[in-house]
Amino acid sequence: MSDRKAVEIAESLDYDFSKYENGWASQLGCVIRARAIDRIVQNFLETHPSAVIVNLGAGLCTRFSRIDNGQVRWYEVDFPEVIALRHKFFQESNRHHFIAKSMLDFTWMDAIQREPNQPMMIVYEGVSMYLSEAENKALLQQINARFSPVEILFDVLNRKRSRTTKHHDTVSKTNAEFKWGIDQSSKLETWGSNIWLKHEEFYLSQFLNYSQRLPIAWSILAQLLPFIPLALFKNSGRIVQLQIGNYSE
């Protein structure tokens, strides 16, 4: 996976990344997760090339530059100060729009231009675990009320992992805190009417496909007793794809 825009941004920012040098697990996990979400969004756009994509908690995400098909209408939503920084590296266009609002300030929804029944996917990567259960539920219910039919794509931690902020290899170096995790994705179907689980992906099980990126001890363990690291990583994080409502024929 190559992302020249991300490299350009990292090299331009006045930020000390050295505190994350030992965060190999997060670094590899984020790359695997980004690749998996790219693939799912691309598959959606293959079926619905003129869809609307909304990227919540966008930060400096470069996904649009990676998978733009020339037809999609794309929105990036984040805090005003984040969008101000984003403007230093990206330009808006008639298909790529920035909305300077918190994703929990649901007035961002008013800025979305969508034709009747136009296919739509809402993505939020690396976000849900920093929201409380009540905030996650409110977001999902507001999306349901305003945008059904729509697909929602996001990643979650399990409950055990969501209680480990202080021991996390990178988050523990920040002021952020995990607030929520869920063990069974199917429980999200109880958060509102017309919601069902379309797909879930245990992306961290792919760690063993990148033995060259693992520390020596982990690489040896992966070769000799692969079920141990697989058991440790597999269910700690997963990608969830929800379908809300159906598009009319």
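Going down the table (5/137; 88/160; 19/137; 101/179; 88/179), which pairs top 29 Å between alpha carbons?
5/137; 88/160; 19/137; 88/179
P(r) tail for the chain, what percent of Cα pairs lie past 23 Å?
Working: 16400 of 30876 pairs.
The share of Cα pairs beyond 23 Å in the chain comes to 53 percent.
Share of antiparallel DSSP beta bridges in the chain, in percent to the nearest 5?
DSSP beta bridges in the chain are roughly 45 percent antiparallel.
Can you give the calculated 222 nm mean residue ellipticity of the chain, where each DSSP H run of n ≥ 4 adds -39,500 (n - 2.57) and the sum is split over every residue, rounded to the nearest 500 deg cm²/dmol?
When only DSSP H runs of four or more count, the value is -9000 deg cm²/dmol.
Please work out how much length the chain gains when fully extended from residue 2 to residue 138, using 0.36 nm per residue of separation minus the C-alpha to C-alpha distance, in nm with one decimal.
Values: separation 136, 0.36 × 136 = 48.96 nm, distance 3.56 nm.
Value of the extension gain: 45.4 nm.
All other residues with a Cβ under 11 Å from the Cβ of residue 132 taken together, and with Lys, Arg as +1 and Asp, Glu as -1, what is their net charge?
-1
Report, to two decimal places, the Cα Rg of the stretch 84-168 normalised by 2.2 N^0.38 Å (N = number of residues).
Rounded to two decimals, the normalised Rg is 1.28.
Compute the length gained on full extension between residue 26 and residue 84: take 0.36 nm times their separation in residues and subtract their Cα-Cα distance, giving the result in nm to one decimal.
18.2 nm
Within the chain, what whole-number % of the accessible surface is contributed by carbon and sulfur, with the 1.4 Å probe and all protein chains included in the calculation? Walk me through the intermediate numbers first.
Details: 6460 of 12910 Å².
Summing carbon and sulfur atoms, their accessible area is 50 percent of the total for the chain.
Per residue, how large is the accessible surface of the chain? Use a 1.4 angstrom probe and give square angstrom.
On a per-residue basis, 52 Å².
Using a 1.4 angstrom probe on the protein heavy atoms only, line up 191, 196 by accessible area, largest first.
196, 191
Considering only the other residues whose Cβ falls under 11 Å of the Cβ of residue 177, what net charge follows from Lys and Arg at +1 and Asp and Glu at -1?
+3
Restricting attention to the alpha-carbon atoms of the stretch 39-102, what are Rg (one decimal) and Dmax (integer), both in Å?
Considering the stretch 39-102 through its Cα atoms, Rg and Dmax are 11.6, 35 Å.
First measure r as the distance between the Cβ atoms of residue 158 and residue 115, then evaluate 1/(1 + (r/R0)^6) with R0 = 35 Å and state the FRET efficiency to the nearest 0.05.
On the way: r = 38 Å, r/R0 = 1.09.
Using R0 = 35 Å, I get an efficiency of 0.40.
Would you kindly state how much longer the chain becomes between residue 167 and residue 186 on full extension, computed as 0.36 nm times their sequence separation minus their alpha carbon distance, in nm to one decimal?
Roughly 4.0 nm would be gained on extension.
Given H placed on each backbone N at 1.01 Å, which residues far from residue 76 in sequence or on other chains put an amide H within less than 5 Å of it?
Those lying under 5 Å, H to H, from residue 76 are 55, 97, 98, 99.
Enumerate the whole-percent occupancy of each 10 Å bin, from 0 to the last occupied one, for all C-alpha pair distances of the stretch 2-148.
10, 38, 39, 12, 1
What is the ratio of the Cα radius of gyration of the stretch 1-53 to 2.2 N^0.38 Å, with N the residue count, to two decimals? Mind dumping the intermediate values first?
Details: Rg = 14.8 Å, N = 53, 2.2 N^0.38 = 9.9 Å.
With N residues counted in the stretch 1-53, Rg over 2.2 N^0.38 Å equals 1.49.
Hey, if you put +1 on the Cβ of every Lys and Arg and -1 on every Asp and Glu Cβ in the stretch 118-159, which of 132, 144, 154 ends up farthest toward the positive end of that dipole?
Working it through, the farthest residue towards the positive pole turns out to be 144.
The values are calculated or read from the model by the stated rules, or taken from the named source; none is laboratory data. Computed from a predicted model, the values in this text were never measured in an experiment. Neighbour counts are summed over all protein chains in view; Cβ atoms, including those assigned to glycine, are modelled from backbone coordinates with ideal geometry. For accessibility, only protein heavy atoms count, side chains too; no ligands or nucleic acids. Shrake-Rupley method; radii C 1.70, N 1.55, O 1.52, S 1.80 Å.
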